[in-house]
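Every number here is computed from the coordinates shown, using simple stated rules; none is lab data. Keep in mind the model is a prediction, meaning the values are calculated, not measured. Here the Cβ positions follow ideal geometry from the backbone for every residue, glycine too, while neighbour counts run over all protein chains shown.
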Amino acid sequence: MKLSRLFTKTEKETPKDETSVNAQLLEQAGFVYKNNSGIYTYLPLGWRTLNKINAIIREEMNALGATELLMPTLVNKRYWEASERWDVDVMYKLKDETGHEFGLGWTHEEVITEIAKRYVQSYKDLPFSAYQIQSKFRNEARAKSGILRGREFLMKDLYSFHRDEADLQRFYQDVLNSYLKVFQRLGLDAYVTEASGGAFTKEYTHEFQVLSEAGEDTIFYCEKCRYSQNKEITNLPQGGKCPKCDGTINVGKSIEVGNIFRLGTRFSKAFNLNFVDEKGESKPIVMGSYGIGPSRVMGTLAEVFHDKSGLLWPESVAPFKVYLIALDGAAKEAAKIYQRLWDHGVEVLYDDRDDKGAGEKFADADLIGLPIRVIVSSKTLKEKSVEVKRRGKPGMELVPVKDIGKTLEK
RNA sequence: CGGGCUGUAGUGUAACGGCAGCACGAGACGUUUGGGACGUUUUAGUCCGAGUUCGAAUCUCGGCAGCCCGACCA
């Protein structure tokens, strides 16, 4: 993409009134636009990043054997009444002219359970799992921290259906491992944290927590074996011995980027979702639900990966891999290099603005935070080379123009 | 939902109750190009509504909006 065609611009100043790093940097660099508190537009750069995050999640969900679908956002009152969740204060409710009442979907156990009823009758139909990536709406009393806690946000929600607790437990463990893989690919160091099940279950659930001062949660964790518990439920002693190994328990603020729940039969009983086993006996289906917030993940990445000059995206989620800059009359050669890089499958953002000084282009490159910066100038062309620099790393190297595609495609 | 703070050009900021100014940005022309370059010139603003006052960006009330703290957060 050429910068001259990107309609967004960076801001020289950090937005006033924003104290959280993700809000400051993502707005300043033109990744998101705040329409209202907790309600954001994902601008072209941000949308590309979000789609990179989604693509990684999709790959891992598909690898689990889950299939993707898309459920409605407008969810009729009858669904919520069936599970006794109509009187939930985070739900946006609305009524149309004819008096039909809806809640905007803030989670979709009810909808998927009803759908499953239509297609699942026998043990032969189990187990199965399905997921979606969709905007969720939650009427948060207080949206905060940029895109970390929004009223409208993106969520990947996965639901699984099993014949018994043992099979749920097996899949639950698979999802746990799958989530760890997702976060590892996203460049995030997530702790699997034991937490309370809230209204869903009396058992522990597991949250995926990334240490960050911007987080709202507090976890007690062992760096050595990575055992971790949420402050809500823990009796681990700060500075004390880890009960699982000989490590020490630390305390830190953290961002919850994912969670997994064993739902049991709460929803299948509410909707009479049953199956018939080999003996002809009818039994309630055992369910699980599992969530990751891609938009919150994006905010978390901004919180974790930045420096005083701007963002520092991991390559797996950067909107582009390369920020290409043409200086002093090298535009013609830069355009060729731009094309060559794309031919090699390298995603390039080309700063082709001819009315901007070098300093401004450098500042924007740093702010936007793509992993690699390539500069073409008369100086480098004298060496038949371009300058390649990694964001956040000292030093640079000259790479011959003829090798640039091969060098950067890796 | 309780509490605190704040709303001035696109952005960031100034102005005692008394002429709304500055910088950047944006537009035009020219010179520039290795860390937000320079000259000339143009452009654009007091969140909305009431009230007090000779006079309101400034004081009062209401609304709307944002940030922060707390409560809440399957």
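Projected label points at A:D307 and A:K382, each 7 Å from Cα along the beta carbon direction, are separated by 2.7 nanometres. Which angle from 0 to 90°, rounded to the nearest 10, does the C-alpha axis of helix A:358-368 make with the longest principal axis of chain A? The helix A:358-368 is inclined about 10 degrees to chain A. Computed extension gain for A:E232 through A:L176, at 0.36 nm per residue and net of the alpha carbon distance, reaches 18.1 nm.
Once the Cβ-Cβ distance of A:E140 and A:E11 is raised to the sixth power relative to R0 = 35 Å, the FRET efficiency obtained is 0.85. A cut-off of 5 Å between modelled amide H atoms, ignoring neighbours fewer than 5 places along the same chain, links A:L6 with no other residue.
Sorting the segments A:337-347, A:80-90 by their residues' average number of neighbouring beta-carbon atoms within 10 angstrom, most packed first, yields A:337-347, A:80-90.
The percentage of C-alpha pairs in chain A whose separation is greater than 30 Å is 50%. Computed FRET efficiency, Cβ-Cβ of A:E81 and A:R353, R0 51 Å: what is it to the nearest 0.05? The calculated FRET efficiency here is 0.35. Against chain A, whose longest principal axis comes from its Cα atoms, helix A:44-64 is set at around 50 degrees. Is the C-alpha gyration tensor of the range A:272-410 telling us rounded, prolate or oblate? Criteria: a/c under 1.5 is rounded; beyond that, a/b larger than b/c is prolate, otherwise oblate. It comes out prolate by the Cα gyration axes.
You can think of it this way: the chain between A:D189 and A:E213 has 7.2 nm of extra reach, that is 0.36 nm per residue less the Cα-Cα gap.
Quick check: Cα centre of the range A:374-410 to Cα centre of the range A:297-332, how many Å? Taking the Cα centre of the range A:297-332 as reference, the centre of the range A:374-410 is 16 Å away.
The simple spin-label model puts a point 7 Å past each Cα toward its Cβ; for A:T19 and A:K402 those points are separated by 5.8 nm. Put in line by how crowded their Cβ is, counting other Cβ atoms within 10 Å and starting with the fewest, A:S196, A:S377, A:S289 read A:S196, A:S377, A:S289. Sorted ascending by nearby beta carbons within 10 Å, beginning with the fewest, A:C245, A:C222 become A:C245, A:C222.
Cβ-Cβ distance of A:K244 and A:E59, R₀ of 41 Å, FRET efficiency by 1/(1 + (r/R0)^6): the value works out to about 0.85. What pairs from A:K2/A:K156; A:K144/A:K393; A:K2/A:K389; A:K231/A:K393; A:K136/A:K224 go past 25 Å between their alpha carbons? Correct reply: A:K2/A:K156; A:K144/A:K393; A:K231/A:K393; A:K136/A:K224. Sorted fewest first by neighbouring Cβ atoms within 10 angstrom, A:D217, A:D157, A:D328 come out as A:D328, A:D217, A:D157.
Compared with the dominant Cα axis of chain A, that is its longest principal axis, helix A:331-343 is turned about 30°.
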